[in-house]
Amino acid sequence: MRLIVKNFGPIKNIDIKIKPFTIFIGKQATGKSIIAKLLAIFNDIDFQEGKENFNYFLKSYNIDDFLEEGKTKIEYYYEDTHIRYENNKIENNNKMRKRFQKINLERIKLIKSFLKKNNNMEDSKKLSKKLLELMDKDINFFKTLQNSNLINHLVYYPAERILISIFADSIFSLIRNKTLIPDCIINFGRVKNIYRK
């Protein structure tokens with residue numbers, strides 16, 4: 001993995017290679033958490049599938065304010081994936097994302113063509129058969145992915161001071177004050193619960 005970041009918050013210019021086990025150590029407010037959050041975004045399955053745009057993910061990790069209009073450049077490389085953000089545009093040549101988009105387009109076309117017809121029982125059977133074929137393609141595709149490195153298992157675990165301050169107070173004061181808990185902490189809790197079982 002490789003990450004290049006220019007003019008994003010405290011990060012002016014970095015080009016780093018990420019190893020299978022990476023720890024960021026450095027002075028406060030130098031961009032360690034920002035790098036970890038960017039890596040988590042690029043490895044998020046929802047981002048890879050294109051369910052939300054890049055700015056949505058930046059906002060969910062509370063780093064959207066670091067974008068500098070016309071100056072920020074972010075590039076991410078992993079095997080045959082290259083994601084590039086520049087001039088408020090993102091280019092994503094992620095093979096998995098393209099595959100998801102292709103499958104979804106096939107489904108949409110099938111359903112649209114079905115809706116245009118008379119919708120008799122024979123057409124319903126044909127549609128069901130085609131959709132099942134697409135599901136089989138999905139299953140085979142995911143089996144292939146399990147044995148490849150196209151899906152990374154990268155999780156961002158926040159070590160931020162906010163984590164301590166949030167849990168230092170009782171849960172009732174959080175509820176009473178309608179405290180917003182950052183998505184990264186909520187996601188951390190979800191992952192922790194999954195692995196606890």
Original post:
Of all residues in the stretch 47-57, how many are modelled with pLDDT of 75 or more, touching a Phe, Trp or Tyr at 6+ places or on another chain (Cβ under 8 Å) and farther than 13 Å from E91 by Cα?
Top reply: 1
**OP:** Pull up the stretch 73-101, narrow it to residues that are over 23 Å from K19 (Cα atoms) and assigned to a strand (DSSP E or B), then point me to the one that is modelled with the highest pLDDT.
**Re:** E86
**OP:** Would you point out which residue out of I14, I35 is at pLDDT 90 or above, closer than 18 Å to D183 by Cα and in contact with a strand residue (DSSP E or B) (Cβ under 8 Å, 6 or more places away or on another chain)?
**Re:** I35
Original post:
Can you tell me which residues in the stretch 34-72 are touching a residue at least 40 places away in the same chain (Cβ under 8 Å), in a helix (DSSP H, G or I), within 11 Å of the chain's Cα centre (by Cα) and surrounded by 13 or more Cβ atoms within 10 Å (Cβ to Cβ)?
Top reply: K37, L39, A40, F42, Q48, E49, S60
**OP:** Scan the stretch 1-33 for residues that are more than 20 Å from N94 (Cβ to Cβ), surrounded by 12 or more Cβ atoms within 10 Å (Cβ to Cβ) and among the charged types (D, E, K, R) and jot them down.
**Re:** K6, K32
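The values are calculated or read from the model by the stated rules, or taken from the named source; none is laboratory data. Computed from a prediction, not measured in an experiment: that's the story for all the values here. For neighbour counting, all protein chains shown are included, and Cβ atoms are generated from backbone atoms with ideal geometry for every residue, glycine included.
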